[in-house]
Amino acid sequence: MPAQQPQFSPKQVAIALNASESSVKRWCDRGAIRTIRTVGGHRKITLEGLQEFLQRTNRELDSPQALGLPPQQRREGLVPGGDDPDQERFRNALAEGDEETCRKVIRKRVAAGEVRSEVAGYLVTDAMHGFGQAWDCDRLDAYQERRGCDICIRLINELRSDLPPIPERAPVAIGGTPEGDPYQLPTALVELSLREAGWNAVSLGSNLPTNSLLQAIQDYRPQLVWLSVSTISDTQVFIADQQHLADQISDDVSFLVGGRALNDEIRPQLRYTAHCDCLRNLVDLAAMIRPVRSL
């Protein structure tokens, strides 16, 4: 005869999960945890039923010893990245398409007083780097990456809509990514950061031909232009286009560049007012520029 499986009470499972006993009972009654009843009507949870629940909900036992089980090795998340629990929760929810959990992580940190653009940059950048690594290891499919980007764009737009109206006399900033660069998230984060810093910032999107950006400069008459560069398909063409763009930008317009593709070999061949290593650097530079430009 097969050995009888261990059976646990809701209280034992609650301790092991670091959850309330009432929550475990509710999961049992709803069928989320497969449960058996004793002759006396008490709930009992088998090891198999508990393991099914853990796998389906992507949970782990915080205290397996409460059930007489050996300590578990921490499961590696679907997407690698930073150790901050909020970063881990955000990027794995993003990979699963769980937009509401991603939104809750962002809202929690904003409610705690953190700057919106810094929260978005902190979480989104970590997630996207992790997505790249997961892609390389065949742990993510193409649709998950595309879906994650779409979710992030929506969340960034929500944060932008929460900002107070931009004053009519606010200095204008425009930018985007160069032709051949399809990445929307970095330039969307730049727009959010500058708008939160008081600029009337407009992201023109990704994959912008140089002549189109020059036309936008004529139309908008900005005080600041940014170029976010995540990938370069042809280095010499990119350098020539960037130098042409810099030549056409007026001396009284600040031209800021940044992005992971601008390495130490490429940067010396470019012309710009300043190179930004991160969003915080960008905002600090924009703050120094703004008082002079907005007079």
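When I166 is tested against (1) within 27 Å of D252 (Cα to Cα); (2) at pLDDT 95 or above; (3) hydrophobic (A, V, I, L, M, F, W, C), only condition (2) is not met.
So, V124, is that one at negative phi and at pLDDT 95 or above or not?
Yes.
Of the helices (runs of 4 or more DSSP H) entirely within region 1-110, those holding at least 3 residues that are in the same structural domain as D150 (by TED's automatic domain parsing) and among the hydrophobic types (A, V, I, L, M, F, W, C) occupy 85-95. For region 121-143, the set of residues classified as within 19 Å of Y183 (Cβ to Cβ), surrounded by fewer than 19 Cβ atoms within 10 Å (Cβ to Cβ) and touching a residue at least 12 places away in the same chain (Cβ under 8 Å) consists of H129, Q133, listed by residue number. Which one is farthest from Q5 (Cα to Cα) among residues in region 30-46 that are surrounded by fewer than 17 Cβ atoms within 10 Å (Cβ to Cβ) and within 36 Å of the chain's Cα centre (by Cα)? Taking the candidates together, the pick is R30. If you go through region 200-223 and keep only what is of a type in the set (V, I, T) and assigned to a helix (DSSP H, G or I), you end up with T210, I217. Evaluation of V283 against the conditions (1) closer than 18 Å to N200 by Cα; (2) of a type in the set (V, I, T); (3) exposed (fewer than 15 other Cβ atoms within 10 Å of the Cβ) shows that the sole unmet condition is (3). State yes or no: is D138 modelled with pLDDT of 90 or more and of a type in the set (D, E)? Judged against the criteria, D138 is not a match. Considering region 1-29, and only residues there that are closer than 27 Å to L78 by Cα and touching a residue at least 40 places away in the same chain (Cβ under 8 Å), the residue that is surrounded by the fewest Cβ atoms within 10 Å (Cβ to Cβ) turns out to be N18. Considering only residues that are surrounded by 13 or more Cβ atoms within 10 Å (Cβ to Cβ) and among the charged types (D, E, K, R), look in region 157-188 and name the one that is nearest to Q215 (Cα to Cα). Among them, the one singled out is E179. Is it the case, given these coordinates, that R154 is modelled with pLDDT of 95 or more, exposed (fewer than 14 other Cβ atoms within 10 Å of the Cβ) and out of contact with any strand residue (DSSP E or B) (no Cβ under 8 Å at 6 or more places or on another chain)? For R154, the condition - modelled with pLDDT of 95 or more, exposed (fewer than 14 other Cβ atoms within 10 Å of the Cβ) and out of contact with any strand residue (DSSP E or B) (no Cβ under 8 Å at 6 or more places or on another chain) - is met.
The values are calculated or read from the model by the stated rules, or taken from the named source; none is laboratory data. These numbers come from a predicted model, not from an experiment. All Cβ positions, glycine included, derive from the backbone under ideal geometry; neighbour counts span all protein chains shown.
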